[in-house]
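**Student:** First, the structure itself, so that you have it in front of you.
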Amino acid sequence: MKTISDYVLRFRKVIIISTIFITFVLGYFIKDLHINPDVFDSLPRDDKVAILFNKVGEEFGGNYYCIIGIQSEDIFTKEVFEQIRQITDSLRFMNGVGSIMSLIDVIDIKGSDWGIEIGKLVDEYDLPDTEKEWNDLRSYVLSKEMYKGTLVSADATMTIIMVRLQGEVEKIEVARNLRRKTMELGLPEKLYFGGQPFFIEAIGNVISKDLTLIGPFSFLLILFVLYFSFRSIRGVILPVLTILISIIWTYGVMGLAGVEISIITSIIPILLIAIGSAYTIHVYNRIEETVVKNMDSGLKVALAYIMIPVFFASLTTIFGFLSFIFGSYIKIISTFGVFTSLGIFFAMLLSLFFTPALIATFPSRKSKLNRRSSGSFLILLLDKLYLYINKYPKTIVIVWAFIIIPFLIGIFRIERRVDFLDYLKKDNPNRITEKVLTEKMGGTSPVYVSVKGNVLDPEVLKQIKATSDFMLKDKNLVNARSVADLFEQMNDVMGEGKKIPDDPEKVANLWFLLEGQEVLEQLVSPELDEALINATFGSTDILDIKIFIDGLNQYILKKGDIKIEVTGIPSLVLKLDRRIITSQMRSLGIAIILVFIAVSFLMRSFLKGTIAIIPIIVTLVILYGLMGLSGIPLDIATVLVGSISIGIGIDYSIHMITNLNHEMKFSGKLVEAIKNSIKISGKSIIINVMAVSLGFLILLWSNLIPLQRFGLLVSITMITSGLGSLTLLPAILILIEKSKLMLFIKPIKK
Amino acid sequence: MKMNKKKIQSLLILTAFMFSLFSSAQSASEILEKMDEVMYASKDQKSVTTIVLTDRNGKTRERKAITMQKGRHMRLTRFTAPASQAGIGFLSLPGEVMYVYLPAFKKERRIATHVKNQNFAGTDFTYEDMEAKPYSEKYIPELKETLSDQYVLVLKPKPGIRSDYAWLVLYVDRNNFYMKRVEYFNRAGIKAKELVSTFEQKQGYWTPVVMEMTDLRKQHKTRMIMTEISFDNNFSDEEFTVRKLKQ
């Protein structure tokens, strides 16, 4: 290590200039970054739900809906229908629009005394005139389940225009254009813009807002805490510089690699603030504590010491994040794992090379001794803490044991209740829109069920109808439309009842009339060997989704003779949820094992490794227990906290134990070594905990609820793992020493 | 004097311009009417139509029908293949009256007029495209260009005519006044469909032998091939009744 620290000092200028150069080069590529908040943008290619979802997008005229709601006292007026026509007409041929369904152009199959109408619900060139005609239309529309509660609310105060987007289009861009074009019409009625693309856009806006407002504020707060702790400008500048540069490098590489900022990768800067700052704080603190007379020799000693713990601390943290790569359902999670690891690696490099190079090039003019003897509040506090731990180690262990008991119980109450609507605050306009559209129209999430077989075979049609009927039994599912419905209605107007005809020839005859209808593009494949049931799901609650999808899958299993598959937003959400939880639980396990091995290797002892991970285990118990007790669910954001707590928690333990080993070299007495370790590492730990927890608590002001929860949980995790390393870890070490079970810490022979 | 000369010049230019406009409007109408005359020249006609549908992947399906037409407003189409659709009949009568007959149900049903913008039996022709109604009755023509071999007309629906198209661009053969090509523009001003026809002179009448309609958005094509064409068969009006349709 001394050789490396020699190199750092010898090439200090080269290091500084190279860092600046790389920062400028990578910083340039940040301009290529753009935010893509769509969680489902890159679905796995080997998952059948994802494959079918993409196929619906490509072959059935699109898979995402933009829903425009028009609210009025009474929908059934000429004025409102004119507005529906204007919107429908102006959006129909827009780029990215696959198809549109509104009251103006919805297919209607009507039987009358004189014949049959397979056409549109209303004649857009000849809208009803008299009040009676409007009343008749209202009664007709509200009497048909095809329209009531799906295109028109039951109270006739709202209607929707369902715009189906083509597959492989920039959904958010198309959604924005749809809104702009609709708003340009300057219509008097109240309009709502709902559906996934608008919702994703809203989340994107919130991310941008948070990044630009909360990010800098969080940074300022950390600056304040650092200044308050170190009482020196360089104590502030160095960690901040490391963080800033590592963020620039990470986002620069992302820009260079063409990787987009997702809802998850948007928190990388915040993570780097938390984790990256710790490395510099430890390096800086160690140098501050070591360098007394000669800058270069002191720096060499300090660096030779701190390199190992910082390297291992970053290595274990990287392990924690790399575990995200394995088994994640959506690409953004593995991307998050890769780039957070890269960011941590950069932060580690910068802390170990750039920070000391800067300190060596611009040495402090103040006398180190003066400040050390000044006896700050922090040192006094740590002194007291040590005295207490030394005196009552058993009490400390017992107190911790008592603390974790309720949390242990809480773990079993942890919920997986993920609701995407919960992502936005209650007063967010998009959340309100989704709520209104769900209440009035039954929801906005598309569900697609594919039924394989000859679409003109009466038996297949009956299976389609039976599946659709089964789906409609779920209270949250509405608007199930299939080709079978059209055949039933046609058969009805031919005077043979609302059912699928048994005679294939009759089906073929009816098909003659139906073929070529625009809506069929969404309902049957061109080869007529596959039908698609389109429906809307009205809940974003994972429990509701689980009940529906699991129930439907069981139904499908029973229908062994016919191939039925389900996809859509609820299915994807469920997949995502299940895969996140299982893969993250697994990666949490992998992370703990890897960290344990790394720490044991560092300490050259499995026992020490075990003791080092105790604060993490306790932190995890408290974290998940707290989530169970407070009702914070395990979701896409909160599930990350576990791995982060391992990454950060182990850092504190590593610093404490490495320091302990180091002190033992000189004093040979464990008690003395613990005292010094608490003072030196303790200071860094407390500063780090304070800075970062406050930085993360700023996230409570985020407009994205998962980020709020994330901020709160990371803060609690930091405090818990910090306190664990400062109290529980030394208390256990003292107890082991006192019980003389073994001579735990031996002076290392030089 | 100078002023007067200028005024006279301007007046002359204006008159010439107005005259040219007027004459072009006149000739556009004449061209369209002539085209209608050519298309509906025979008293009646009968043909076997093979309909080939080609989807965007190049996959084709084939149908066959016998079409009978009398005058400008009566047309009966009876499908003969595929077997599942054999016997299905389609009758178009004056006054935008349309009937369909479904043999499996042994029932006929009248089809509402405002379904005209719907595609006809899976083809790329809408009921509007298929209706037996002369162009000059539906559209106001404007001569856009006169090329060496064809006239290019822009047709806009007459007031009160329901059409899904904002305008059509029609290419008419200059010598024989048959329709060579039609481009259909939707209300957004986008070219939505294109019809290319091949006309041949049979028994003295210029008649389409191949008509190919392409839906540019769907990339779907319908090719109608007319064979066994006969003219002036002396069909009686009786042949174009619901009773006949049901037979």
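**Student:** Among A:236, A:480, A:551, pick out the residue whose Cα is farthest towards the positive end of the charge dipole of chain A, where Lys and Arg carry +1 and Asp and Glu carry -1 on C-beta, about the Cα centre.
**Tutor:** It is A:236.
**Student:** Just to confirm the filter: which chymotrypsin sites (Phe, Trp or Tyr not before Pro) across the range A:82-148 are DSSP coil and have at most 13 other Cβ within 10 angstrom of their Cβ?
**Tutor:** A:114, A:125
**Student:** Given the whole protein assembly as supplied and a 1.4 Å probe, what does the accessible area of residue A:348 come to in Å², nearest 10?
**Tutor:** Per-residue accessible area (residue A:348): approximately 10 Å².
**Student:** How large is log10 I(q)/I(0) at q = 0.09, 0.14 Å⁻¹ when the Debye formula is applied to the Cα atoms of the range B:26-245, each weighted equally and without solvent?
**Tutor:** -0.35, -0.91
**Student:** A further question follows. For the range A:49-200, calculate the relative contact order in percent as a whole number, restricting contacts to Cα pairs under 8 Å that are 6 or more residues apart.
**Tutor:** It comes to 43 percent, rounded to a whole number.
**Student:** Out of every Cα-Cα pair in the range A:510-664, what percent are more than 23 Å apart?
**Tutor:** That tail contains 60 percent of the Cα-Cα pairs.
**Student:** Still on this structure: Once amide H atoms are built 1.01 Å from N in the peptide plane, which residues 5 or more positions from residue B:178, or in another chain, come under 5 Å H to H?
**Tutor:** Those lying under 5 Å, H to H, from residue B:178 are B:173.
**Student:** Right, next: Which value, in square angstrom to the nearest 100, describes the accessible area buried between chains B and A on both sides, using a 1.4 angstrom probe?
**Tutor:** Heavy-atom accessible area buried at this interface is about 3400 Å².
**Student:** With a Cα-only, solvent-free Debye model of the range A:237-332, what are the log10 I(q)/I(0) values at q = 0.11, 0.12, 0.14, 0.20 Å⁻¹?
**Tutor:** -0.43, -0.50, -0.65, -1.05
**Student:** On C-alpha positions alone, give me the angle between the axis of helix B:2-39 and the longest principal axis of chain B, in degrees, nearest 10.
**Tutor:** Long axis of B:2-39 versus the principal axis of chain B: about 10 degrees.
**Student:** Let me ask you something else. Translational D (Stokes-Einstein, µm²/s) of the range A:1-113 at 10 °C and 1.306 mPa s when Rh comes from the Kirkwood sum over C-alpha pairs?
**Tutor:** 76
**Student:** Keeping the other protein chains in place, figure out the carbon and sulfur percent of the accessible area of the range A:438-570, with a 1.4 Å probe.
**Tutor:** Roughly 52 percent, rounded to a whole number.
**Student:** Okay, moving on. Considering only protein heavy atoms and a probe of 1.4 Å, how much of the accessible area of the range A:147-273 is carbon and sulfur, as a whole percent?
**Tutor:** Answer for the range A:147-273: carbon and sulfur cover 64 percent of the accessible area.
**Student:** Let me ask something else. Rounded to the nearest 20 debye, what is the charge dipole size of the protein assembly as shown about its Cα centre when +1 sits on each Lys and Arg Cβ and -1 on each Asp and Glu Cβ?
**Tutor:** Dipole about the Cα centre, nearest 20: 5840 debye.
**Student:** Rounded to the nearest Å, what's the spacing between the alpha carbon centres of the range A:466-483 and the range B:21-92? Just the number, please.
**Tutor:** So the two Cα centres are separated by 41 Å.
**Student:** Treating the beta-carbon of each Lys and Arg as +1 and of each Asp and Glu as -1, no other charges, what is the dipole magnitude of the range A:438-570 about its Cα centre, to the nearest 20 debye?
**Tutor:** 500
**Student:** Another one. Just from the alpha-carbon atoms, what are the Rg and Dmax of the protein assembly as shown in angstroms?
**Tutor:** 38.3, 130
**Student:** Then there's this: In a Gaussian network model over chain B where Cα atoms closer than 10 Å are linked, find which of B:161, B:88, B:229 has the largest mean-square fluctuation.
**Tutor:** B:161
**Student:** Further, regarding this structure: Got the relative contact order for chain A handy, in percent, Cα pairs under 8 Å and 6 or more residues apart?
**Tutor:** 19
**Student:** Place +1 on the Cβ of every Lys and Arg and -1 on the Cβ of every Asp and Glu in chain A, take the dipole about the Cα centre, and give the residue among A:443, A:612, A:536 whose Cα lies farthest towards its positive end.
**Tutor:** A:612
**Student:** Under the definition of partner shielding as Cβ atoms of other protein chains within 10 Å of a residue Cβ, what is the mean value for peptide A:570-582?
**Tutor:** The per-residue average across the peptide is 0.
**Student:** Now for a different question. Would you give the gap between the C-alpha center of the range A:388-436 and the C-alpha center of the range A:301-320, rounded to a whole Å?
**Tutor:** Between the Cα centre of the range A:388-436 and that of the range A:301-320, the gap is 30 Å.
**Student:** Need the list of aspartates and glutamates near residue B:180 for cross-linking: C-alpha distance under 14 angstrom, and skip anything on the same chain fewer than eight residues off.
**Tutor:** B:36, B:149, B:194, B:200, B:212
**Student:** What trypsin sites (Lys or Arg not before Pro) in the range A:537-622 are in a loop by DSSP, with at most 13 other Cβ atoms within 10 Å of the Cβ?
**Tutor:** In loop regions of the range A:537-622 (DSSP not H, G, I, E or B), the sparsely surrounded trypsin sites (Lys or Arg not before Pro) are A:563, A:604.
**Student:** At most 14 other Cβ atoms within 10 Å and a DSSP loop assignment: could you name the GluC sites (Glu not before Pro) in the range A:372-451 that fit?
**Tutor:** Those satisfying the criteria are A:415.
**Student:** In 5 Å bins starting at 0, how do the alpha-carbon pair distances of the range A:406-461 split up by percent?
**Tutor:** 4, 13, 12, 12, 10, 10, 11, 12, 8, 4, 2, 1, 0
**Student:** Taking every pair of distinct Cα atoms and averaging 1/r, then inverting, what Kirkwood hydrodynamic radius in Å comes out for the range A:438-570?
**Tutor:** Roughly 15.2 Å, rounded to one decimal.
**Student:** Also, quick follow-up: Between the range A:630-679 and the range A:29-89, how far is it from one alpha carbon centroid to the other, in angstrom?
**Tutor:** Computed from Cα coordinates, the inter-centre distance equals 48 Å.
**Student:** Just to confirm the number: angle between the C-alpha axis of helix A:377-391 and the first principal axis of chain A, 0 to 90 degrees, nearest 10?
**Tutor:** It works out to around 80 degrees.
**Student:** Wrap a convex hull around the Cα atoms of the range A:49-200, take a quarter of its surface area, and give that in square nanometres.
**Tutor:** Reported value for the Cα convex hull: 10.1 nm².
**Student:** Additional query: If you take the Cα atoms of the range A:155-307, find Rg, then find the Kirkwood Rh from the mean of 1/r over all pairs, what is Rg/Rh?
**Tutor:** Using only Cα positions, Rg/Rh for the range A:155-307 is 1.24.
**Student:** Mean separation of Cα pairs under 8 Å and 6+ residues apart, divided by the residue count of chain B: what relative contact order is that in percent?
**Tutor:** Reported as a whole number, the value is 21 percent.
**Student:** Given springs between every Cα pair under 10 Å in a Gaussian network model of chain B, which of B:65, B:166, B:28 has the largest fluctuation?
**Tutor:** Its mean-square fluctuation being the largest, the pick is B:166.
**Student:** Can I ask one more? Run the helix sum for chain B: -39,500 (n - 2.57) per DSSP H stretch of 4+ residues, divided by residue count, reported at 222 nm to the nearest 500 deg cm²/dmol.
**Tutor:** -6500 deg cm²/dmol
**Student:** Which one of B:153, A:670, A:385 has its Cα pushed farthest toward the positive end of the charge dipole of the protein assembly as shown, where Lys and Arg give +1 and Asp and Glu give -1 at the Cβ?
**Tutor:** After comparing all options, I get A:670.
**Student:** Using helices alone, I'd like the mean residue ellipticity at 222 nm for chain A: each DSSP H run of four-plus residues gives -39500 (n - 2.57), total over residue count, nearest 500.
**Tutor:** Calculated from helices alone, the mean residue ellipticity at 222 nm is -21500 deg cm²/dmol.
**Student:** Per-residue mean of other chain beta-carbon atoms within 10 angstrom of the beta-carbon, peptide A:117-123?
**Tutor:** For peptide A:117-123, the averaged partner shielding equals 5.
The values are calculated or read from the model by the stated rules, or taken from the named source; none is laboratory data. Owing to the predicted nature of the structure, the values given are computational and were not obtained by experimental measurement. With ideal geometry, Cβ positions are generated from the backbone for all residues, glycine too; neighbour counts draw on all protein chains shown. Ligands, DNA and RNA are stripped out before the accessible areas are found, and what is left, the full protein with its side chains, is counted by its heavy atoms. Shrake-Rupley method; radii C 1.70, N 1.55, O 1.52, S 1.80 Å.
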